[in-house]
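Derivation of every value follows stated rules applied to the coordinates shown; laboratory data play no part. It should be emphasised that the depicted structure is a prediction, and the values quoted were computed from it without experimental measurement.
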Amino acid sequence: MKKQLAYFLMLFWCISTQAAVVDDMLASYKADGASDFSASRGEVMWNKDYPDPDSAGKVRNCTTCHGKDLRAKGKHAKTGKVIDAIAPSVNSERFTDPKFIEKWFKRNCKWVLDRECTSQEKGDFLVYLRNK
Amino acid sequence: MNIRQLVMIVFATILSSSVFAARDVAVVTDSLYKEECSACHMAYQPGLLPARSWEKMMANLADHFGENAELGEKERKAITDYAMKNAADFSNFKRSVKIMRSLSASDVPLRITDTPYIKRKHHELSNRHVKDNPKVKSLSRCDACHTKADTGSYSEREIKVPGFGRWED
């Protein structure tokens with residue numbers, strides 16, 4: 001019983017941290033000039049293809065590494081290293097560390113889009129992914 | 001088995017693993033280095049390249065072998081510092097010494113697999129072992145075959161090439 005309660009509290013703590021972190025980030029994106037966020041816009045962009053600068057005719061998108069199924073593990077396109085699932089419903093560590101999120105937004109937006117994402121785009125991604 | 005025998009066995013095991021199975025390169029001890037440098041690939045030990053290589057590599061993380069691996073400036077500096085201080089030219093570990101010996105003073109290799117010593121050690125391998133082997137694909141995945149690579153140990157008896165098994169010269 002005690003153990004169950006502990007698990008429950010842990011789960012609750014994870015979920016509430018996640019919610020608070022994402023809410024804080026959304027607020028800061030708004031302060032940065034973003035307007036209302038849209039999960040469907042996030043979804044479209046998540047699946048949008050961009051030309052691969054390294055090989056003509058090929059494309060890159062978010063699923064190149066994160067995989068088609070948000071609840072499954074992904075794989076680094078070059079090194080093959082396993083990437084933990086992006087969906088917070090199966091990975092409680094997702095969206096709990098703002099620094100980690102910004103670091104990977106920067107790297108991955110540059111890799112896929114060849115530029116950094118705007119605050120609007122980052123917010124759209126977060127509202128799309130947070131409920132997955 | 002009595003307590004005394006047990007203690008002897010434990011002691012002997014610790015002794016043999018630290019003395020007889022000497023590491024080939026120094027194991028990574030820095031937690032920031034470990035975390036950041038293992039996000040996309042194995043955290044290569046600093047002792048696998050000279051300090052000048054780490055310095056050059058860490059100065060251009062926006063193009064890290066074609067990938068963006070940018071870090072915050074504080075983290076970038078701390079990791080550069082750790083890598084340079086523990087680089088091959090400051091190490092007495094066997095493989096570090098051999099890697100340094102194979103380089104000339106003007107060489108600044110960015111890939112471990114471009115150092116003459118590492119190249120020579122892998123020259124017997126063919127495409128079917130590495131490039132065309134779906135579980136290996138590239139020589140840069142040390143840990144695909146060197147089963148204890150993460151501990152800084154690269155001895156021949158620990159090699160297992162996926163699909164081929166143990167490797168012997």
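Gap in Å between the Cα centre of segment A:102-132 and the Cα centre of segment A:32-88?
9
What fraction, in whole percent, of alpha-carbon pairs in segment B:59-169 exceed 18 Å separation? Display every interim value, and only then the final one.
Numbers: 3675 of 6105 pairs.
Value for segment B:59-169 (Cα pairs over 18 Å): 60 percent.
Compute the convex hull volume of the Cα atoms of segment B:89-154, divide it by the residue count, and report the result per residue in Å³ as a whole number. Show your work: numbers first, answer last.
Working: hull volume 6.2 nm³, N = 66.
That works out to 93 Å³ per residue.
Which semi-axis lengths, in whole Å and largest first, follow from the square roots of five times the eigenvalues of the Cα gyration tensor of chain A? Can you show the working numbers first?
Numbers: eigenvalues 154, 76, 26 Å².
Values for chain A, descending: 28, 19, 12 Å.
For segment A:90-104, take each phi angle, set θ = phi - 60°, evaluate the Karplus expression 6.51 cos²θ - 1.76 cosθ + 1.60, and give the result in whole Hz per residue in order, putting x for glycine and proline.
These are the phi-based 3J(HN,Hα) values: 10, 9, 5, 7, 5, 6, 10, 9, x, 5, 4, 4, 5, 4, 7 Hz.
In whole Å, what three semi-axes, largest first, describe the equivalent ellipsoid of the protein assembly as shown built from its Cα gyration tensor (square root of 5 times each eigenvalue)?
The answer is 39, 27, 20 Å, longest axis first.
Amide H to amide H under 5 Å from A:ARG60: which residues, 5+ apart in sequence or cross-chain, H placed 1.01 Å off N in plane?
Under 5 Å from the amide H of A:ARG60 lie the amide H atoms of A:TYR50, A:ASP52, each far enough along the sequence or on another chain.
Please give the Cα centre distance for segment B:142-159 versus segment B:99-137, rounded to the nearest Å.
One Cα centre to the other: 15 Å.
Tell me the relative contact order for chain B as a rounded percent, counting alpha carbon contacts under 8 Å between residues six or more apart. Could you put the intermediate results ahead of the total?
On the way: 198 pairs, mean separation 39.0, N = 169.
Reported as a whole number, the value is 23 percent.
Residue by residue through segment B:124-136, what is 3J(HN,Hα) from phi via Karplus (6.51 cos²θ - 1.76 cosθ + 1.60, θ = phi - 60°)? Round to whole Hz and write x for glycine and proline.
My calculation for segment B:124-136 gives 6, 6, 10, 4, 5, 7, 10, 4, 8, 8, x, 8, 10 Hz in order.
Mind listing the long-range amide H neighbours of A:ILE83? Cut-off is under 5 Å, sequence gap 5 or more, other chains count too, H placed in the peptide plane at 1.01 Å from N.
Hits under the 5 Å cutoff: A:GLY74, A:LYS75, A:HIS76.
Across segment A:28-101, what fraction of all alpha-carbon pairs, as a whole percent, falls in each successive 10 Å bin from zero upward?
Values per bin, smallest distances first: 16, 38, 35, 10.
Whole-Hz Karplus ³J(HN,Hα) for segment A:55-70, in order, using 6.51 cos²θ - 1.76 cosθ + 1.60 and θ = phi - 60°, x for Gly and Pro?
Per-residue couplings from phi come out as 9, 4, x, 8, 10, 10, 8, 4, 6, 3, 9, 7, x, 6, 9, 5 Hz.
Say the cut-off is 24 Å between C-alpha atoms; which of A:LYS73/A:LYS110; B:LYS34/B:LYS74; B:LYS56/B:LYS160; B:LYS137/B:LYS160; B:LYS77/B:LYS135 go over it?
Violating the 24 Å limit, Cα to Cα: B:LYS56/B:LYS160; B:LYS77/B:LYS135.
I need the per residue convex hull volume for segment B:29-109, using only the alpha carbons, in cubic angstrom as a whole number.
Cα-based convex hull of segment B:29-109, divided per residue, equals 92 Å³.
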